[in-house]
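The values are calculated or read from the model by the stated rules, or taken from the named source; none is laboratory data. Every value quoted in this text rests on a predicted model; they were computed, and no experiment measured them. Cβ placement follows ideal geometry from the backbone for every residue including glycine, while neighbour counts extend to all protein chains displayed.
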Amino acid sequence: MKIKLYPDSILRKRAGNIKDKDIQKLSKAMLTTMITNRGIGLAGPQVGLSKNIAIISPQTSQELNSHLVLINPEIIEVSGESEYEEGCLSVYGISGKVKRNSDIVVETGLPGERKIIKAEGLLATVIQHEIDHLNGILFPDRMVFPKRAWNLLKSRIKRKKDGKA
Ligand SMILES: [Zn+2]
């Protein structure tokens, strides 16, 4: 699968709920894409799929032995605050500090088989970053000075187009 880059409009669309028959094949293809691109998380819209699915790498927590697949995820509890330097496969060229909740509780899964996941630290940050993707939100929106971040990125994209960098 190919990674969609900002300013692709699909990154700003709210994703729709996913049905069971889609999940197996999609999560496999997304996992491969995430690993190939050295990401630690990947959401549907990033691969052109406006669906509520996201993959989280086990590198985000010592408590994970394998990747997580989030299906129609919903954050139901938050507490604490933490700050990480974030980047994104779809927002190529900038990174920046983002404040998020340090502890979250997430409900995920198909109707009738929903389960609860508790997450903290980096895992909590990555889950919040990916759920943002499902709602059309990109990490620079959450930086202290979003306008500055977006302007920087836009000027870099423009320079690249003009062949100057
Ligand atoms: Zn991202």
Checklist line | Selected residue (criterion: farthest from the ligand (Cβ to nearest atom)) from residues of the range 64-92 that are among the aliphatic types (A, V, I, L, M) and surrounded by 19 or more Cβ atoms within 10 Å (Cβ to Cβ) | finding: Ile71
Margin query: Within the range 23-43, does at least one residue satisfy the condition of being basic (Lys, Arg), under 17 Å from Arg114 (Cα atoms), modelled with pLDDT under 95 and part of a helix (DSSP H, G or I)?
Written below: no
Check: Which condition number in (1) surrounded by fewer than 20 Cβ atoms within 10 Å (Cβ to Cβ); (2) part of a helix (DSSP H, G or I) is the one that Gln128 fails?
Finding: (1)
Margin query: Go through the range 131-156 and report how many residues are farther than 20 Å from Ala15 by Cα, within 16 Å of the ligand (Cβ to nearest atom) and either part of a loop (DSSP other than H, G, I, E, B) or hydroxyl-bearing (Ser, Thr, Tyr) (or both).
Written below: 1
Notebook entry, point to check: What pairs can you find where one residue is in the range 74-96 and within 19 Å of Gly44 (Cβ to Cβ), the other is in a strand (DSSP E or B) and more than 13 Å from the ligand (Cβ to nearest atom), and their Cβ atoms are less than 7 Å apart, with a gap of 6+ or different chains?
Noted result: Glu74/Val106; Glu74/Glu107; Ile75/Ile104; Ile75/Val106
Check: Taking Leu89, is it at pLDDT below 95 and either of a type in the set (A, V, I, L, M, F, W, C) or under 12 Å from His133 (Cβ atoms) (or both)?
Finding: no
Notebook entry, point to check: Restricting attention to the range 32-51, which residues are within 15 Å of the ligand (Cβ to nearest atom) and crowded, with 20+ Cβ neighbours inside 10 Å?
Noted result: Met34, Gly39, Ile40, Gly41, Leu42, Ala43, Gly44, Pro45, Gln46, Val47, Leu49
